[in-house]
Amino acid sequence: MSKKDTGKSKPGLREIASAAHVSIATASRVLSGNSRVDPAIRRSVLAAVSELDIDLSERNKTKALAFLLSNRPMQHAFHSNILLGAEAHCASRGWELIFQSSNYPLQVSGRELHLPTVVKRHDIVRGVLLAGTNSTDLLKLLMSKGFQFVVLGNNIMGEADLSGYDAVFSDDIQGGLDATRYLIGLGHRHIWFVGNLRLPWFARCYEGYRRGMEEAGLTPRSNSVDSEDEVEIGYLGTKSLLAKGDPVTAIFAGNDPTAHGVYKGLRDSRLEIPDDISVVGCDDTIGSWLYPALTTIREFPEQLGKQMVELLVNRIGNPSQEYQRVTVPTELIKRDSCRPISDSEGILPGPALQDAIIS
């Protein structure tokens, strides 16, 4: 009986190099994450690892991941909760998590991008969790250098090709559809979407809203404000919407901070929520703090963080496996910011809204 059969030895670097027909030094560079290796050679080494059934996550002593928060403030509630979920799951799996914030121009090409130093420390960091807002050029840069990473798919700017990396999504498109169906079920027909449609998380939520309106035979209507200040988006979007004089009985805000701005805009116009206009939001970060409490789409950021860690650790252990896309469901939370209306209320603005428009 061979040593392998008795379990006394496991395939090592020498066996990997032999199976891949490369030198031990080359195999070592690939397994340590060195980006200066020909992609074809890297694939050959990883294929050998798969054939030998070696779990790379157990091979190296360092077990640390980097959480890279791009183009978002560190105190952002949604991404902070993703970090908390990732950190807890890392601890349960015996991994360390290193936090790093990063800001870079989203329009800059990959050739001009510079990765944070901690990400490039292959002797410390085995993989990267990408949260915040990221460009497709950054993803291409990481792929070209052979980094193992997983990205929050909801916040990728530009057309993303999901074939070359792992991604985790919150199902905000379905959430937007659920919220729109709820408003329509309450009798609302003049429902407006307020957000910044240039930003992907607003665009995804709008897509669910659009589907809900069109399946009911209604015309989707939006007021998009070109700003990254989410409260400002809600406030300015609401004030300009009211100034148009178009019928409106409900406003769908692209996230909870935007809904906060909607509340301020309506109150500045002496309108009551939900008596004059109903409001829904998305993400449930501050919805319960508003008055009246906000009907919103609950997302599960801690679960997003957990799933990101799970995918990345699995990728490190088996780099040749197929790339995964995981979608975490959302939940509609019904609170006090919406009310049912009659057919007559859904035709024209009510007296209070007419007064606000005139003033």
For the range 95-123, give me each residue that is closer than 18 Å to N314 by Cα and at pLDDT below 90. H122
Looking at the range 311-339, which of its residues are over 18 Å from the mean Cα position of the chain (by Cα) and of a type in the set (V, I, T)? V313, I316, I333
Condition broken by N314, with the remaining ones in (1) within 30 Å of Q148 (Cα to Cα); (2) out of contact with any Leu (no Cβ under 6 Å at 6 or more places or on another chain); (3) at pLDDT 95 or above; (4) not acidic (D, E) satisfied: (3)
Do we find a residue being out of contact with any Leu (no Cβ under 9 Å at 6 or more places or on another chain) and either buried (at least 22 other Cβ atoms within 10 Å of the Cβ) or part of a loop (DSSP other than H, G, I, E, B) (or both) anywhere in the range 126-135? no
Is it the case that some residue within the range 244-259 is closer than 18 Å to I341 by Cα and among the hydroxyl-bearing types (S, T, Y)? yes
Can you say whether V262 is part of a strand (DSSP E or B), of a type in the set (V, I, T) and closer than 16 Å to F193 by Cα, as far as the supplied structure shows? no
Evaluate the following for G234: is it in contact with a Cys (Cβ under 9 Å, 6 or more places away or on another chain), closer than 18 Å to C338 by Cβ and buried (at least 23 other Cβ atoms within 10 Å of the Cβ)? no
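Every residue, every condition in (1) out of contact with any Asp or Glu (no Cβ under 8 Å at 6 or more places or on another chain); (2) surrounded by fewer than 17 Cβ atoms within 10 Å (Cβ to Cβ); (3) not assigned by TED's automatic domain parsing to the domain that holds R339, yes or no:
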{"residue": "G208", "(1), (2), (3)": "no, no, no"}
{"residue": "M213", "(1), (2), (3)": "yes, no, no"}
{"residue": "D226", "(1), (2), (3)": "yes, yes, no"}
{"residue": "I251", "(1), (2), (3)": "yes, no, no"}
{"residue": "E272", "(1), (2), (3)": "yes, yes, no"}
Go through the range 157-191 and give me each residue that's modelled with pLDDT of 95 or more and either of a type in the set (V, I, T) or within 16 Å of L311 (Cα to Cα) (or both). D166, A167, V168, F169, S170, I173, T180, I184, I191
Quick check on the range 142-151. Is at least one of its residues of a type outside the set (S, T, Y) and within 26 Å of K244 (Cβ to Cβ)? no
Within the range 142-170, considering residues that are in a helix (DSSP H, G or I) and touching a Ser or Thr at 6+ places or on another chain (Cβ under 9 Å), the one farthest from S80 (Cα to Cα): S144
Among the residues that make up the range 165-184, is at least one of them farther than 18 Å from A253 by Cβ and more than 17 Å from the chain's Cα centre (by Cα)? no
Hey, could you check the range 174-224 for residues that are assigned to a strand (DSSP E or B) and in contact with a Leu (Cβ under 8 Å, 6 or more places away or on another chain) and say which is nearest to V328 (Cα to Cα)? V194
Restricting attention to the range 202-219, which residues are aliphatic (A, V, I, L, M) and either in contact with a Cys (Cβ under 6 Å, 6 or more places away or on another chain) or over 26 Å from E230 (Cα atoms) (or both)? A216, L218
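The values are calculated or read from the model by the stated rules, or taken from the named source; none is laboratory data. Being a predicted model, the structure only gives us computed values, none of them experimental. Quick reminder, even Gly has a Cβ in these numbers, built from the backbone with ideal geometry, and neighbours come from all protein chains shown.
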